[in-house]
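One structure below.
The values are calculated or read from the model by the stated rules, or taken from the named source; none is laboratory data. The structure displayed is predicted, hence computed values, not measured ones. Please note: Cβ atoms are built from the backbone with ideal geometry, for glycine as well, and neighbour counts cover all protein chains shown.
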Amino acid sequence: MSSQVSAQSAIKTGARRSRRLGDLWVALAFLLPSAVGFVVFYLWPTIRGFYLSLTDYSLLGDAQFLGFDNFQRLFNDPLFWNSLRVTLLYVVINIGLQTVVALALAVLLHRLTQSVTIRGLVLLPYLVANVVVALVWFWMLDYQLGIVNQLIDWIGLGRIPFFGSETWAIPTIAMINVWRHMGYTALLIFAGLQMIPKYVYEASALDGASEWRTFWRVTLPLLRPIMALVLVLSVIGSFQIFDTIAVTTAGGPVDSTRVIYFYIFELAFERFDFGYAAAISVVLFLILGGVAMAQLKMLRAGDSDLS
Amino acid sequence: MSVLTRTQRPELSQDRAASPRPPINWGRVVAWTSLVVLLIVTLFPFYWMLRTSLSNNRSLASEAGSLLPADFTLGAFQRVLGMASTEEALAEGGSGANVNFWLYLRNSIIVATVVTVGQLFFCAMAAYAFARLRWPGRNKVFFLFLTALMVPPIFTTLPNFILIRDLGLLNTFAGIVLPTLFMTPFAVFFLRQFFLGLSREIEEAAMIDGAGHLRIFFRLTIPMASAPIATLAILTYINAWNDYMWPLLVGQEENVRVLTVALGVFRSQTPQGSPDWAGLMAATLIAALPIMILFAVLGRRVINSIGFSGIK
């Protein structure tokens with residue numbers, strides 16, 4: 001007993017002596033590997049990315065410093081503006097549809113079943129690689145042999161060139177990714193639904209409110225902060241569409257799916273215009289930062305509905 | 001409150017008493033139907049992948065609308081696993097190109113396993129330093145780590161490619177795994193949150209018994225946080241398995257080519273006129289199946305974790 005007390009007091013005096021540094025040396029040892037990873041593969045490339053955006057660099061030789069020429073060029077590059085327009089179109093269709101479908105799915109799951117298996121099935125598309133999802137739908141939506149066009153044929157409508165037409169390509173790719181993400185998004189919303197206390201529903205049932213009315217007047221307002229967070233996550237993810245396009249349309253037909261990620265990829269690794277590609281990724285960086293800020297502001301505005 | 005219930009309840013029971021059988025609740029019927037439709041939409045592509053992969057590619061055109069495999073055969077799997085001769089492959093509508101998905105499967109397993117083990121171990125160490133140790137500047141360094149979450153991946157991909165090339169690591173496993181081997185900000189953040197919640201008393205008791213930090217980390221912290229570590233491990237494994245852009249850039253060559261990259265190559269190799277759909281679907285199934293099995297075995301953990309890993 002007494003030895004324990006003295007040991008504790010010894011620790012206390014030791015702690016007092018090294019309060020300024022604390023466990024600094026131990027901490028440095030524990031941090032070393034991840035700090036190396038952070039500096040070499042996150043911090044340094046970020047700084048280097050900004051520098052590259054001010055240069056002309058073709059992967060061979062040294063980078064030539066240009067100043068802001070790349071950014072001037074970008075203003076007059078129709079393909080850049082096209083990629084922004086196409087990306088925005090994709091994000092709007094993707095997020096719009098995905099949020100509505102996921103919300104409906106989450107509410108259905110919440111009201112109808114507790115089954116973890118059903119929730120697992122719903123999550124399945126999200127676990128499969130983008131490339132796999134893209135190829136399966138590429139096959140299902142094939143103009144000649146795809147099952148979806150067979151169905152459309154049976155109904156008596158005209159076949160749709162899902163990947164082959166400029167009007168259909170982006171909506172098609174947006175729908176494919178709605179399919180992949182709706183279950184995951186639904187489970188995020190589902191977690192939010194579970195945080196709404198039961199008594200709120202009991203009270204609205206006692207007041208004789210229908211399910212429909214309860215959804216619009218009770219569930220949705222209480223879900224607002226969670227919806228805002230889900231939107232932050234999914235909008236930023238949506239801007240980064242690449243895999244699906246890379247294995248299906250590769251930017252075509254006629255630039256109609258040349259989204260910003262794919263344009264940067266092409267500039268850097270097919271045309272070896274690294275400096276210009278870096279300049280566009282700086283713009284993307286700024287756009288995504290702006291989107292996140294705006295959305296987080298929205299989030300704070302909807303903070304305290306429940307408590 | 002109690003007054004309210006008393007005045008409302010009788011009305012409800014009167015309603016029930018008025019009808020002898022409970023009336024069909026059409027709202028619930030519509031709701032269940034919508035859920036079933038959504039589930040069918042979710043699962044049908046998986047069935048279609050399987051159905052096509054078991055078909056003879058030459059028969060797909062004539063039986064495009066059939067729900068069963070067209071002219072059942074395992075030829076597509078033999079083809080993509082490099083177990084069919086060129087003549088056999090051509091006879092069933094393959095491209096005849098030499099593909100070996102065993103090799104790509106092996107490469108994917110190597111990459112995903114190394115990334116998962118390394119990343120989790122190093123991130124757990126970092127999380128321990130951020131959550132359990134006291135040192136000056138701790139919060140500032142942690143915040144700096146978190147800012148990396150704000151940088152879009154493609155932004156660091158360009159300079160990282162140059163770095164990996166300059167190190168001579170193109171087309172090596174090291175080049176593919178290095179950027180995510182040591183840390184991702186998300187993993188550090190996720191683990192730190194859990195380590196913060198662990199009881200300090202057990203640690204202090206161990207310290208009095210003379211245990212050092214290394215011992216506490218291995219014998220106390222990791223075992224106590226084994227559940228969240230397992231969840232994170234599954235998520236990391238799936239992400240590493242599904243990654244496409246980075247291995248596409250640095251791992252084109254056959255001996256390090258992972259499944260996702262191989263699928264892209266296979267798709268671009270197929271002749272424009274008559275693609276080998278059966279072979280392509282067999283290959284996608286091979287790429288998807290390990291993750292689906294992993295999920296079937298360990299999935300419950302992931303499903304239940306989605307609330308906090310996504311939001312908190």
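Key figures
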| quantity | calculated |
| --- | --- |
| Residue identified as assigned by TED's automatic domain parsing to the domain that holds B:M125, free of Cβ contacts under 8 Å to residues at least 60 places away in the same chain and outside any loop (DSSP other than H, G, I, E, B) among B:L249, B:L263, B:L235 | B:L263 |
| Residue selected from region A:200-214 under the condition part of a helix (DSSP H, G or I) and touching a Lys or Arg at 6+ places or on another chain (Cβ under 9 Å), by the criterion surrounded by the most Cβ atoms within 10 Å (Cβ to Cβ) | A:S204 |
| Answer from A:R258, A:R213 - the residue that is charged (D, E, K, R) and touching a Gly at 6+ places or on another chain (Cβ under 6 Å) | A:R258 |
| Residue match in region B:229-252 (condition: surrounded by fewer than 17 Cβ atoms within 10 Å (Cβ to Cβ) and more than 30 Å from B:V297 (Cβ to Cβ)) | yes |
| Tally, over region A:246-258, of residues that are touching a helix residue (DSSP H, G or I) at 6+ places or on another chain (Cβ under 7 Å) and within 11 Å of another protein chain (Cβ to nearest Cβ) | 3 |
| Members of region B:101-152 that are surrounded by 15 or more Cβ atoms within 10 Å (Cβ to Cβ), under 19 Å from B:G264 (Cα atoms) and not β-branched (V, I, T) | B:F101, B:L103, B:Y104, B:L105, B:N107, B:S108, B:A112 |
| Hits in region B:254-296 - residues which are within 8 Å of another protein chain (Cβ to nearest Cβ) and within 22 Å of B:V177 (Cβ to Cβ) | B:L259, B:T260, B:L263, B:G264, B:A287, B:A288, B:I291 |
| Residues of region B:40-84 classified as within 30 Å of A:G120 (Cβ to Cβ), in contact (Cβ under 8 Å) with a residue 24 or more places away in the chain, among the polar types (S, T, N, Q) and not in a loop (DSSP other than H, G, I, E, B), total | 2 |
| Matching entry among A:V132, A:V136, A:V128 (being facing chain B (nearest Cβ under 7 Å), touching a residue at least 24 places away in the same chain (Cβ under 8 Å) and buried (at least 23 other Cβ atoms within 10 Å of the Cβ)) | A:V128 |
| Which listed residue is touching a residue at least 12 places away in the same chain (Cβ under 8 Å) and either surrounded by fewer than 20 Cβ atoms within 10 Å (Cβ to Cβ) or over 28 Å from the mean Cα position of the chain (by Cα) (or both), from A:D62, A:D56 | A:D56 |
| Total residues in region A:32-76, condition facing another protein chain (nearest Cβ under 9 Å) and among the charged types (D, E, K, R) | 1 |
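Rundown of residues vs (1) modelled with pLDDT of 95 or more; (2) over 27 Å from B:I162 (Cα atoms), yes/no style:
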position	(1), (2)
A:D69	no, no
A:I93	yes, yes
A:T99	no, yes
A:A106	no, yes
A:T113	no, yes
A:T117	no, yes
A:L121	no, yes
A:L124	no, yes
A:V128	no, yes
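Table: residues versus (1) of a type in the set (D, E, K, R); (2) under 18 Å from A:L109 (Cα atoms); (3) at pLDDT 90 or above; (4) touching a strand residue (DSSP E or B) at 6+ places or on another chain (Cβ under 8 Å).
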{"site": "A:H181", "(1), (2), (3), (4)": "no, yes, yes, no"}
{"site": "A:P197", "(1), (2), (3), (4)": "no, yes, no, no"}
{"site": "A:S204", "(1), (2), (3), (4)": "no, no, no, no"}
{"site": "A:R217", "(1), (2), (3), (4)": "yes, no, no, no"}
{"site": "A:L231", "(1), (2), (3), (4)": "no, no, no, no"}
{"site": "A:G252", "(1), (2), (3), (4)": "no, no, no, no"}
{"site": "A:E266", "(1), (2), (3), (4)": "yes, no, yes, no"}
